[in-house]
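Right, one structure below, let's go through it.
The values are calculated or read from the model by the stated rules, or taken from the named source; none is laboratory data. Everything numeric in this text was worked out from a predicted model, so none of it was measured. Neighbour counts are summed over all protein chains in view; Cβ atoms, including those assigned to glycine, are modelled from backbone coordinates with ideal geometry. Note: areas computed on protein heavy atoms with side chains; ligands, DNA, RNA excluded. Shrake-Rupley method; radii C 1.70, N 1.55, O 1.52, S 1.80 Å.
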Amino acid sequence: MSAPPRLVLGSTSRYRRELLERLRVPFDVARPHTDETPQPGETPESLARRLARAKATDVVARHPEAWVIGSDQVAEFDGRPLGKPGTHEAATAQLQAMSGLTVRFLTGLCLMRSDGEILEALDFTVVRFRTLGADEIERYLAAEQPYDCAGSFKSEGLGITLFDAIETHDPTALVGLPLIATARLLREAGFALP
């Protein structure tokens, strides 16, 4: 019996690492060195795909013996990418702007190895925010401080209280790594998953 292929997650996101651990496939983690600045005129869908591939490409150059997962999530609001807020003030502004409206989250996924084989997927998740009062936004941000999360919330935590609905094919996608698509790509690459 041959050894399973080596797998590297090209991300230092603890959210992606925790999700990938659920598949019970051994993996290492490597930080991708990727400029995440959107290109002029780039659509959120193109940005998610490009960054997932760029992260995998960067990491596979340093781990040529492994399959590498690159992933990136872009929130699309009003036709434009919505980044991670970084600060309390920016998170407040994001949540105020999205109150009562719909935001689309695109999660690009790229599984790559150095011989040029590339397997890709893109997940779409739609979040409908309920109308949020200023006091609700403040209480939520004080409780979870989601400043490193696109859209200023953590759907796996208290952020779920901000929504009217989530429309998705994969409930893990909104957290940062669509496990249904990830498992499919890993099986295609020769990994044994139940």
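General observations
- Within the range 1-103, strands (runs of 3 or more DSSP E) holding 3 or more residues that are over 23 Å from LEU162 (Cα atoms): 7-9, 67-77
- Whichever residue in the range 104-130 is hydroxyl-bearing (Ser, Thr, Tyr) and in a strand (DSSP E or B) and, among such residues, is nearest to the chain's Cα centre (by Cα): THR107
- In the range 56-76, the qualifying residues are those that are under 19 Å from the mean Cα position of the chain (by Cα) and without any contact (Cβ under 8 Å) to a residue 40 or more places away in the chain, and the one that is least open to solvent (accessible area, probe 1.4 Å) is ASP72.
- Selection from the range 131-169 of residues that are more than 15 Å from ARG104 (Cα to Cα), in a loop (DSSP other than H, G, I, E, B) and of a type in the set (Phe, Trp, Tyr): TYR147
For every residue, the table says whether it meets (1) in contact with a helix residue (DSSP H, G or I) (Cβ under 9 Å, 6 or more places away or on another chain); (2) surrounded by fewer than 19 Cβ atoms within 10 Å (Cβ to Cβ).
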{"residue": "VAL127", "(1), (2)": "yes, no"}
{"residue": "ARG130", "(1), (2)": "yes, yes"}
{"residue": "GLY133", "(1), (2)": "no, yes"}
{"residue": "GLU136", "(1), (2)": "yes, yes"}
{"residue": "GLN145", "(1), (2)": "yes, yes"}
{"residue": "GLY151", "(1), (2)": "yes, no"}
{"residue": "THR161", "(1), (2)": "yes, yes"}
{"residue": "GLU167", "(1), (2)": "no, yes"}
{"residue": "THR172", "(1), (2)": "yes, no"}
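- Residues that are open to solvent by 60 Å² or more (accessible area, probe 1.4 Å), over 15 Å from SER155 (Cα atoms) and modelled with pLDDT of 95 or more within the range 81-114 comprise THR87, GLU89, GLN96, LEU101, ARG113, listed in sequence order.
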